[in-house]
Amino acid sequence: MRFDSTFFRSESASKLRSLGRRLFRTVFVTLALVVLWLLVYSHFIFGDGTLLYKDVGVDSINIYYPRYVLVSDYIRDEGIPSWSFRVGMGQNIFSSLSALLITPVVWLAKGAIARALVYQHLLYVMLSGLFFARFLASRGLAFASCVLGALLLSFSAYMCMGSCWYFHANEVVCFTFLLFAAEQAASRGRWVYLAPAVTIVGFLGAFHLYLAALFLCFYVPVRLIERFSWQPLPILRTSALLAAAALLGVGLGAILSVNSFYGLMNSPRGAGPSSLVGQLSSKPIFGLESSLHYMTVVLRPFGSDLMGTGNDFRGWQNHLEAPMTYCGLLSLVIFPQIFVGSTLRHRILYGLFFGLVLLATLFPWFRYLFWAFQGDYYRTLSLFAVFGIITLGMTAFSRYLEGGRLNLWVLGGTIFLLIGILYFPRREFQSLINPSLRIAATAFLLSYTILLSVGQLVKRPQIIAWIIVALAAIEIVYFDQITVANRPTVTKTELDQRTGYNDETVDAVRDINARDKSFFRIRKTWGSGPGMLESLNDAMVFGYYGTSSYSSFNNLNYIKFLIAVGAMSESDLATDTRWSYGLMEYPLLSTFACEKYVLTNNPIPFETADYYEFDKRYGNKYLFRNQLFLPFGLSFGYYITEDMFMQLPKWAKPPALLHATVLSERDAAAELGPSRLTMDDIKYQVIETSLPDIAAKRRSTALNIRSFRQTRIDGTIQLNQRSVLVLQTPFDPGWHAFQDGRVAQVLKADFGLLGVVLNAGEHAVELRYRPPFLYAGAAVSFVSLLIFAASLWWWPRIRLPQ
C-alpha cells in the first residue's frame, strides 16, 4: 500500500512538473513574441501610424477597412450578416459571418477599428507563434528551436505583408493551426484537433478548403512515412481515417462554406467572364517565366525589401504579389544541413519537398495548377514553402543543439553560394538590390556561420544557440521595421481631421438620412479613400447606398447587368469586374437605379445639366438632387427580349429600361403576363416619350415601400395589368417574394436584376432574403457535430502504424 501511494505521488509530481514546464515555455514564447511585436510595430503602437497603407498596400484602405466597417455596422443594425445594399447594387455577405470569429475588430464600433488593427495583428502574431511552437515541440525539437521557429514564422514576410493584406495574417493563423492539428494526428493519433482546424480554414473561404486538402494530402502521408517508415497498407489506412476526420471538419463548417462556395461559383472569377481557367491551363507545361521573375525568386528569401519597399519595389509583379519567402536568414544558412546525417528515406522526403517548390517556381504552369488555374501569383504557395523551410531548418538547428555535428564543408559551401548570389556580378541583377540591405544581409549570414562553427568547435552549442536566437530577433526587428513602417500610412492624426473617410461626406450623408427616410442611392463622384488608388467602397464606410464596388468576387448578376446596359466594357473584364465603377458615369442608368442625390467636388456639370437642382454645399463638396428620381421597385406591363435589347444602339439602352423590362427567351416563352413589344414599338417609345413623362409614369405604378430592412421589404402596389416588378438590385435565389401573403414568382429581369411577377390590382408585396442553402448547410453542420461528438467519445485516438 505504501508503494502504491508513493508511486501515485511520484506520478502526480511528474505531471505537475511537466505542466509547469509547458506553462513556462508557453509564457516564454508569448513574451518573446510580444517584445518583438512592440519593437517591430512601435510606430503603430506608440507613434502616429495605423495599419492602413496608402501605397501598393492600399487594399487595406479600399477593401478590408470598408468591409470591417460594413460588418461592424451590420451586426449592430441588422444582426447576422446576410444581404447588404451597401455592396455594389446589393450582394449576399453571409460569408462575412466568419469575420466575427477570425477578425475580432469587427466587434468594435467603426470609429475604433483603424486604431485597433495593430492589436488584432498582435493576436495573429501570438496565435501563429504559439501554434507553431507547439507544432515543433510535437516533432520533438529542442526548446530553443521551438522559440526561434515561432519567431521566424510570426515575423516572416507573409505575416508582415498581413499588416496591410490582413487576409494573409488570417491565413497564417488558420493554416498554422491546421499544421499543428495534422502533426498531432499523424504522430500521436489525436485527430480531435484536425476536424475543427479544417473548419476554421473553411472560414477563410470555400477555395481554402481545396488548399487545405492539397496541404494535408502532402503532409500527412509524408509525415507518416518519415516517422514510421514505408508501410503501405497501415499508412493508407491511417491517411484514410484522417481524411475522414478532415471531411468531418468540412461538414462542421458547411453552414458557412456551402454559401461561400455558391458565392465563389456565382462570381465573375468562378464561373463568369473573368475566369482565367482557359487562359492559364493552355500555357505550356514547361514554359518559363521572365528573367526578372527568376531574379526576384532568388533574392526575396534574403529580405522582403532587398529589391525595394512598397511602390519602390523593382522586382517581378509588385511588393505584395512577388514570392514572400523571407523567413529569417538563418533558415537559408542551416536548411541544407537537414540532408546531413539523415537516413536515405528522410533525404528522399526532404528532397521531394524541395523538388515540388522548385518545380512550381521554375515552371509557372505548376503554380497555376496549385491555384486551380484561377490566378498567376504565389501567396499561399509561399506560406506552404515557408512552413517547410522553417520546419526543416529548425530540425537541423535542434540536432545541432543536441550535439549533432554540422558538416562544415556544407556550411562553407552554403555561405559561399548565398553571398555569391548577393554579389552576383551582373549589372541587371545588381541594379535590383538595395546596397545597404545587402551589406546587412551579408553581416547576418556571416555572423550565423561563425556562431554555428564556434559552437561546434568549443562544444557549447546550447549557449551559442541562444545567442543565435537573440541575433535572429535583432535581424527580424531590423528587416521587418522596413517592411511595415517605412511606407506611407494613414496617421492617427488624419483620422480626426476632415480628410479621407472622415471628409465632408459624413455631414452630407447624416443630413440626407435625417430628412429622407425613403430608399435611394447616392452617386459620389470622388473616392474618399486616402490611398494611391481611388476607393470604390465608400458606401460601406459612410453608410449609404451606391452602385460601385471593388471586390474580387462581385455578384455575377450585377456584372451581367452592367455589361448588358453598356456600363462595363468587355475589353478588360479581368480588371473591370473587380474594380467596378457601377453606374457612376451613366446618369440615366443611375437614375433608373434609384439615384436621388449626387455628391460631387465638381459642381459645373450638374449646374448645367437638366433635372439636377443644387441642394447644399459642404466645404468644397456639393450636394445636388435628381428631379427625375425613381423609387425602388418599378413595375412594367411590357417586356422585350434580351436579344432585342442587345440589338439596340448603346444610347437607346438606358431609356429602353424605363419603358419595358427585359426578359430571357425562356421567361418570355412562359407567357408570364406582360405584353411583348416589337423593336419598332420600343424605338418609338424611346424617341417620342420625354424623360419627365416616362419617369412620372414609372413612379405612378412603383412599389410603395412601407417598411425597409436589408433582408425584408414590405410595400403596396396598384397595377392595371399583370406586370413584372423590377427591383433595382441583383437577382439572387435567396430572395423570396409574396403577393398578399402568397408566394409570387421570382425571376431574373434586365439581364441580372431581381424581378417579381404580380397580378393586376392592389396588392401587399413582401420580399424576404435568406442566404441560399442556409438550411441545407446548417443541417450538414448539425449532423457533422453529432458525428464528431460520438466519434470523440468512442475513438479519441486512432491507431498509428508501428
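The values are calculated or read from the model by the stated rules, or taken from the named source; none is laboratory data. The shown structure was predicted, so the numbers you read here are calculated from the model rather than taken from an experiment. Because the Cβ atoms are built from the backbone with ideal geometry, glycine has one as well, and the counts that use them run over all protein chains shown. What goes into the accessible areas is simple: the full protein's heavy atoms, side chains included, and nothing from ligands, DNA or RNA. Shrake-Rupley method; radii C 1.70, N 1.55, O 1.52, S 1.80 Å.
Between region 744-784 and region 141-201, the alpha-carbon centres lie 40 Å apart.
Taken over the alpha carbons of region 528-616 as equal point scatterers, the Debye sum produces base-10 log I(q)/I(0) values at 0.10 Å⁻¹ of -0.29.
For the chain, relative contact order (Cα pairs under 8 Å, six or more residues apart, normalised by length) works out to 16 percent. Here's the list of aspartates and glutamates a cross-link from Lys650 could span, going by alpha-carbon distance under 18 Å and ignoring same-chain residues fewer than 8 apart: Glu570, Glu585, Glu642, Asp680, Asp681, Glu688, Asp750. The calculated 222 nm mean residue ellipticity attributable to helices in the chain amounts to -17000 deg cm²/dmol, summing -39500 (n - 2.57) over DSSP H runs of n ≥ 4 and dividing by all residues.
The Rg/Rh ratio for region 334-455 is 1.01, where Rg is the radius of gyration of the alpha carbons and Rh is the Kirkwood radius. Among the protein heavy atoms, those of Ser552 account for about 40 Å² of accessible surface (1.4 Å probe, every chain in place). Could you work out, for region 210-353, what percent of all Cα-Cα pairs fall into each 5 Å distance bin, beginning at 0 Å and stopping at the bin that holds the largest distance? For region 210-353, the binned pair fractions read 2, 7, 10, 10, 12, 15, 17, 16, 9, 2, 0 percent. Note on region 244-323: semi-axes of the ellipsoid equivalent to its C-alpha gyration tensor, largest first and rounded to whole Å, are 34, 19, 15.
Helix 505-515 sits at what angle to the longest principal axis of the chain, using alpha carbons and giving 0 to 90 degrees rounded to 10? The angle comes out near 40 degrees. Only aspartates and glutamates eight or more places from Lys616 in sequence, or on another chain, were considered; those with a Cα closer than 18 Å are Asp503, Glu504, Asp507, Asp511, Asp516, Glu595, Glu607.
Among the chymotrypsin sites (Phe, Trp or Tyr not before Pro) in region 145-177, none is located in a DSSP loop while being surrounded by at most 14 other Cβ atoms within 10 Å of its own Cβ.
Counting only DSSP beta bridges whose two residues both lie in the chain, roughly 85 percent are antiparallel.
The mean sequence separation of alpha-carbon pairs under 8 Å and at least six residues apart, normalised by the residue count of region 390-477, gives a relative contact order of 33 percent. Its alpha carbons give region 654-714 an Rg and a Dmax of 14.6, 40 Å. Taking the Cα centroid of region 589-613 and of region 457-515, what is the distance between the two, rounded to the nearest whole Å? Between the Cα centres of region 589-613 and region 457-515 lies a distance of 40 Å. What the Cα convex hull of the chain gives, in volume per residue, is 199 Å³. Rolling a 1.4 angstrom probe over the chain with all protein chains present gives an accessible area of which 62% lies on carbon and sulfur atoms. Please give the Cα centre distance for region 243-321 versus region 77-131, rounded to the nearest Å. Here the answer is 23 Å between Cα centres.
How many times 2.2 N^0.38 Å is the alpha carbon radius of gyration of region 1-143?
Relative to the 2.2 N^0.38 Å estimate, region 1-143 comes out at 1.54.
Largest accessible area first, the listed residues Lys650, Lys517 line up as Lys517, Lys650 when surface is computed with a 1.4 Å probe on the assembled protein chains. Looking at the P(r) of region 649-768, how many percent of alpha-carbon pairs lie beyond 18 Å? The share of Cα pairs beyond 18 Å in region 649-768 comes to 54 percent. Once the gyration tensor of the Cα atoms in region 61-192 is diagonalised, the equivalent ellipsoid follows with semi-axes of 33, 17, 11 Å, ordered largest first. Please give the helix 65-77 orientation as an angle from the longest Cα principal axis of the chain, in degrees from 0 to 90, rounded to the nearest 10. So the inclination is approximately 70 degrees.
State in Å² the accessible area per residue of region 584-697; use a 1.4 Å probe, count heavy atoms of protein chains only, and round to the nearest integer.
Result: 46 Å² of accessible area for each residue.
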